[in-house]
Amino acid sequence: MNIVQCTFCKKPFASLGGRACPACLEQIDKDFITVRDYIYEHKHSNIDIIARETEVSKQIIMHLLKEGRLIIDSPDGDGLLVCEMCKKPINTGRLCKDCMGKVASSMDKNVTDNKKPEPKPEEPNIKGSAKIGN
Ligand SMILES: [Zn+2]
Ligand SMILES: [Zn+2]
């Protein structure tokens, strides 16, 4: 277990791998529902309006978008998020569909590439010991 600083409230806490402390995680879950409901009713909103209307911090909204829990319903995601590989605007997650496809197929490829060739059965050393016939 590591002591890390919470990304949101900056307090140190014992992390099991996450970057947010338990109190913030709980808050994020509540905020998620608030923002999700807001987006559901106000489809073509942008993050400034969402943050103002829901009183949820932009940082948390961005976090939820990057985690893919929220999707901003506009074709280019208001330019808030860009694909981490090709920098194309996306509206949720970290990668665009194209790059996700590429990553998925390169992972498949790596799996096959890394497959070790079947070990050849040891050639029996027949030199000098082979008897033909009897
Ligand atoms: Zn926190
Ligand atoms: Zn991409």
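Scanning segment 29-59 for residues being among the charged types (D, E, K, R) and surrounded by 13 or more Cβ atoms within 10 Å (Cβ to Cβ) gives a total of 4. The requirement of being within 16 Å of ligand 1 (Cβ to nearest atom) and in contact with a Cys (Cβ under 7 Å, 6 or more places away or on another chain) is satisfied by residue 9. If only residues of segment 25-48 that are aliphatic (A, V, I, L, M) and in contact with a helix residue (DSSP H, G or I) (Cβ under 9 Å, 6 or more places away or on another chain) are counted, the one that is farthest from residue 91 (Cα to Cα) is 28. Just one of (1) touching a residue at least 12 places away in the same chain (Cβ under 8 Å); (2) within 16 Å of ligand 1 (Cβ to nearest atom); (3) touching a helix residue (DSSP H, G or I) at 6+ places or on another chain (Cβ under 9 Å) fails for residue 21. It is (3). Among the residues of segment 24-59, those identified as within 16 Å of ligand 1 (Cβ to nearest atom) and among the polar types (S, T, N, Q) are 27, 57, 59. Taking segment 1-101 as the region of interest, none of the helices (runs of 4 or more DSSP H) fully inside it holds 2 or more residues being within 16 Å of ligand 2 (Cβ to nearest atom) and either acidic (Asp, Glu) or at pLDDT 90 or above (or both).
Of all the residues in segment 16-28, those that are closer than 16 Å to residue 67 by Cβ and either aromatic (Phe, Trp, Tyr) or surrounded by fewer than 11 Cβ atoms within 10 Å (Cβ to Cβ) (or both) number 1.
The values are calculated or read from the model by the stated rules, or taken from the named source; none is laboratory data. It should be emphasised that the depicted structure is a prediction, and the values quoted were computed from it without experimental measurement. A quick note on method: Cβ atoms are made from the backbone with ideal geometry, for glycine too, and the neighbour counts reach across all protein chains shown.
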